[in-house]
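Below: one structure, written as structure tokens.
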Amino acid sequence: MSVEAPVSNSPGLLADYLSSVRPLVSVICISYNHGCFIKAALQSVLEQTYPAIELIVIDNDSKDDTRSVIQEVIDKNPSIQFIANADNVGLCRAFNQGLKQAKGKYVIDLSADDLLHPNRVETQVKTFERLPCDYAVVFGNAAFIDETDNVTGYHFPVNQQKNTTVKVPSGWVFKEILSSYFVCTPTMMMRKDVLDSLGGYDESLAYEDFDFWVRSSRDYRYQYIDSVLTSKRVLQKSLSTQFSRPKNRLLQSTLAVCYKAFDQCRTADEYKALVARLRWCIRQCFYAQHFELAFQFKALLEFIEEPDWQTKLFLQFCRLRIPVNKLYQPYLQWRISREKRPVFQ
């Protein structure tokens, strides 16, 4: 069982006043062994140009000095709310703990190793306030940084003015959500009432973003802001590498979300987009030596269409249980080091 420490001090009178004249934004920061990075992450929230922010920090029983670093920041900023879990309850449940405390109109899910640029919240709130109420998410571009804060690339390619050089989906994006990874998760600002209507993150899953996108984009629109407002830290333990690790829980969670998506598809193009996702997942099952799971993805795929010859080939590799992961891992690390960004194949 998780035990929550008492919340630090509630937001002060100034924060209450500011939230009465402009929308309050709740930043929920979840940490686990982020001692090297969390101070900078929290400072990036405290240094925002937008004043009406509440900061909620949840630590998932870190084993390093994360909690002492958090406490140092709280000592200077007592309005920060802090939940200290007695064990690691997982990302989705930890976020929901923060969501229950949050009073903001809008919510940001901040990883403890990422950074908000100073005008991030102000820019996104201004955009949200001009949009109709059927918009659930605004998101932007992100700079990728390494362990020492050096910029190694961007989520979307940019020109000299830092504007993207590719077309980014906006509006009704359900089909695009199924077919490709285009929303950079840490750049999102979400409407809290939408999160509440969905029951927060699905705590049965190992990760949150794909499920949230599927459940929200069916009935709500997304808006892209063509600005670099976030720095996302790319490390060797990043999500893109975890998908390829043997017997990882991410692929099982993806299967559950794909079934949710199947139930929500309405058009031939949407089913086609889901097919592309299922083919990708079968390949990942092979690389991760999650051989049995590949055939569960196949079962869902066959509700839509017969697997193509390439997918059948990967399924045959899975039947043969070819131990490919020791070869695939170095290849994946080489690709990440070459491209200086997460790799989703």
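The values are calculated or read from the model by the stated rules, or taken from the named source; none is laboratory data. As the structure is a prediction and not an experimental result, all values here were calculated from the model. Positions of Cβ are generated from backbone atoms using ideal geometry, with glycine treated the same way; all protein chains shown enter the neighbour counts. These area figures cover heavy atoms from the full protein model, side chains too; ligands, DNA and RNA do not enter into them. Shrake-Rupley method; radii C 1.70, N 1.55, O 1.52, S 1.80 Å.
Contour minus end-to-end for E292 and A276, with contour as 0.36 nm per residue of separation and end-to-end as the Cα-Cα distance? Could you put the intermediate results ahead of the total?
On the way: separation 16, 0.36 × 16 = 5.76 nm, distance 1.96 nm.
Length gained, E292 through A276: 3.8 nm.
Ranked from the most accessible area to the least, with a 1.4 Å probe and all protein chains present, what is the order of R321, R218? Present the calculation step by step, with values, prior to reporting the outcome.
On the way: R321 125, R218 35 Å².
Largest to smallest exposure gives the sequence R321, R218.
Sites count as exposed loop sites when they are GluC sites (Glu not before Pro), lie in a DSSP loop, and have at most 14 other Cβ atoms within 10 angstrom; the longest stretch of the chain without one is 148-301. Of the listed pairs K105/K247; K103/K232; K100/K167; K162/K326; K100/K272, which have alpha-carbon separations greater than 32 Å here? From K105/K247; K103/K232; K100/K167; K162/K326; K100/K272, over 32 Å: K105/K247; K100/K167; K162/K326; K100/K272. For the chain, the fraction of 1.4 Å probe accessible surface lying on carbon and sulfur atoms is 53 percent. Once the Cα-Cα distance is subtracted from the 0.36 nm per residue extended length, the N150 to R22 segment shows a gain of 42.6 nm. The Cβ shell under 12 Å around D269 holds other residues with a net charge of +1, Lys and Arg each +1, Asp and Glu each -1.
Compared with the dominant principal axis of the Cα atoms in the chain, helix 268-287 is inclined by about 80°. Orientation-averaged projection of the stretch 184-264 equals 6.4 nm² [convex hull of Cα atoms, one quarter of hull surface area]. Computed from Cα positions, the angle between helix 250-264 and the longest principal axis of the chain comes to roughly 90 degrees. Round to the nearest 0.05 the FRET efficiency obtained for L235 and Y328 when R0 = 25 Å and r is the Cβ-Cβ distance. The pair L235/Y328 has a calculated efficiency of 0.85. Each of L313 and A206 was given a label point 7 Å from its Cα along the Cα-to-Cβ line. The distance between the two points is 2.7 nm.
Note on D263 and K167: their simple-model spin labels are 3.3 nm apart, each label 7 Å out from Cα toward Cβ. For the stretch 183-230, the convex hull drawn through the C-alpha positions has a volume of 84 cubic angstrom per residue.
Placing pseudo-labels 7 Å out from each Cα toward the beta carbon at L46 and D87 gives an inter-label distance of 3.3 nm.
Given a Förster radius of 22 Å and the C-beta distance between K100 and A256 as r, what FRET efficiency does 1/(1 + (r/R0)^6) yield to the nearest 0.05? Don't jump to the answer; show the numbers that get you there.
Values: r = 23 Å, r/R0 = 1.06.
FRET efficiency, K100 to A256: 0.40.
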